[in-house]
Every structure is written in C-alpha cells, then in structure tokens.
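The values are calculated or read from the model by the stated rules, or taken from the named source; none is laboratory data. Not measured: the values here are computed from a predicted model. For neighbour counting, all protein chains shown are included, and Cβ atoms are generated from backbone atoms with ideal geometry for every residue, glycine included.
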Amino acid sequence: MATWKEKRKIMQRYDLTAEMYDERYAEEQRRKYCETLREIDVTGKVILDVGCGSGLLFGQVATKAEMIVGVDVSRNLLAKAKVNGRDFGNVFVVQADADFLPFTDGFFIVVFAFTVLQNLPKPALTLSELWRVVRLEGLVVVTGLKKAFGLENFMDLLENSGLRLVSFVDDDSLNCYVAVLGAA
C-alpha cells in the first residue's frame with residue numbers, strides 16, 4: 001500500500017534524526033506553542049499531542065493539564081519524549097499512527113498536531129481522525145507547513161474538514177500556519 005510506504009519513510013526519517021531533533025526544531029516549535037497557548041487554556045484538560053516528537057510541548061502544558069498523552073510514529077523520538085515527560089506524573093507516550101489513533105471517540109478535550117499534516121498522505125483523513133478523538137466541545141489545533149501547503153491549499157483543507165475555524169495565525173516569524181478548530 002502506497003500510504004504505508006510513505007508513512008514508513010517518514011517514520012524512518014524521524015528515527016534517524018531523533019538525536020538532533022531538538023537542536024533543529026525546538027525554537028520553531030516553541031514559537032508555535034506560545035502562539036497557540038495564548039489562544040487556548042489547557043488548565044485541567046485532557047490533552048493529546050499527535051506527532052509529539054521529543055515531547056517539547058510537555059513542559060509547556062503538563063503542569064496545567066490534567067493529563068497529556070503524546071503520540072508519535074517514531075520509536076526513537078518517543079524514547080526522548082518519555083525522558084522529557086518523566087518529571088510529570090500526568091504524561092504518557094504511545095507509539096501510534098496519526099490516522100489510526102488507539103483511543104475512544106471523544107476522549108480528549110484538546111488535540112494538538114504540530115508539524116504533522118504535511119507528513120501524512122491524506123491530511124483530510126488525518127483531520128477527521130483527530131476530530132474523532134475530541135469531545136464535541138473540544139478543540140483541535142493543527143499547523144500547516146507554509147512551503148508544503150500554501151495558504152489557499154491549507155485554508156481549503158480546513159474548510160473542507162467540516163470544522164469551524166476558531167482562530168488562525170499566519171505570522172511571518174513562523175514556518176507554519178496555526179489553526180484552532182472546533183465543532184461547526
């Protein structure tokens with residue numbers, strides 16, 4: 001299956017670059033987190049971080065959230081995420097495919113998917129899966145790499161998702177668009 005081959009390449013790429021992940025991406029990721037957390041209060045919420053990478057988001061939200069689950073397809077990045085989450089009693093990591101999340105419908109209040117959609121073969125299906133695991137009153141936060149989507153394509157993806165655009169950031173200091181989505 002072509003999609004599995006594509007996903008396997010992504011998994012292998014992140015497994016190979018896990019050691020330098022934070023050095024390469026931490027600053028950019030933190031800028032996205034700061035921008036997003038201005039819009040969303042995570043206090044007392046059950047959070048899913050899809051494509052959690054090395055767990056950089058954990059330090060930003062774990063002390064406020066009730067629980068955070070980090071999911072990634074890369075085993076090597078998850079090993080780093082486990083280390084980054086070990087000081088918090090409410091952080092858990094799971095290896096999983098973003099298109100087939102191993103969680104009950106409506107379990108999470110907030111789902112973050114930073115730097116994920118451009119790595120998957122069918123971003124619209126991924127968005128649907130992210131929405132499946134969020135409570136009806138919950139929020140899904142996604143980013144779209146500008147060089148992968150372009151503004152018009154990313155907006156089309158969001159509009160066709162059937163979700164309501166709660167907020168949108170297109171800041172020149174970020175390599176990604178940041179969208180917060182809720183129930184239509």
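Structure notes:
- Members of region 137-147 found to be touching a strand residue (DSSP E or B) at 6+ places or on another chain (Cβ under 9 Å), surrounded by fewer than 19 Cβ atoms within 10 Å (Cβ to Cβ) and more than 11 Å from Val110 (Cα to Cα), listed by number: Leu145, Lys146
- If you go through region 150-160 and keep only what is at pLDDT below 95 and in contact with a strand residue (DSSP E or B) (Cβ under 8 Å, 6 or more places away or on another chain), you end up with nothing.
- Scanning region 74-90 turns up at least one residue that is within 18 Å of Tyr33 (Cα to Cα), of a type in the set (A, V, I, L, M), without any contact (Cβ under 8 Å) to a residue 40 or more places away in the chain and not in a loop (DSSP other than H, G, I, E, B).
- Residue match in region 113-122 (condition: part of a strand (DSSP E or B) and under 24 Å from Cys34 (Cβ atoms)): yes
- Looking only at region 83-138, residues that are within 16 Å of Ile68 (Cβ to Cβ) and hydroxyl-bearing (Ser, Thr, Tyr) come to 0 in all.
This table checks each residue for (1) at negative phi; (2) at pLDDT below 95; (3) of a type outside the set (A, V, I, L, M); (4) touching a Lys or Arg at 6+ places or on another chain (Cβ under 7 Å).
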site	(1), (2), (3), (4)
Trp4	yes, yes, yes, no
Tyr25	yes, yes, yes, no
Arg30	yes, yes, yes, no
Ile40	yes, yes, no, no
Val50	yes, no, no, no
Lys64	yes, no, yes, no
Ile68	yes, no, no, no
Arg75	yes, yes, yes, no
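- If you go through region 42-73 and keep only what is charged (D, E, K, R) and part of a loop (DSSP other than H, G, I, E, B), you end up with Lys45, Lys64, Glu66.
- Within region 84-122, the set of residues being among the aromatic types (Phe, Trp, Tyr) and crowded, with 22+ Cβ neighbours inside 10 Å comprises Phe108, Phe112, Phe114.
- Identity of the residue in region 148-179, under 15 Å from Arg38 (Cα atoms) and charged (D, E, K, R), that ends up surrounded by the fewest Cβ atoms within 10 Å (Cβ to Cβ): Asp171
- The residues on offer are Val110, Val94, and the sole one that is within 17 Å of Val141 (Cβ to Cβ), modelled with pLDDT of 95 or more, of a type outside the set (Asp, Glu) and in a strand (DSSP E or B) is Val110.
- Selection within region 123-136: residues that are aliphatic (A, V, I, L, M) and either out of contact with any strand residue (DSSP E or B) (no Cβ under 6 Å at 6 or more places or on another chain) or assigned to a loop (DSSP other than H, G, I, E, B) (or both). The member of this set that is surrounded by the fewest Cβ atoms within 10 Å (Cβ to Cβ) is Leu136.
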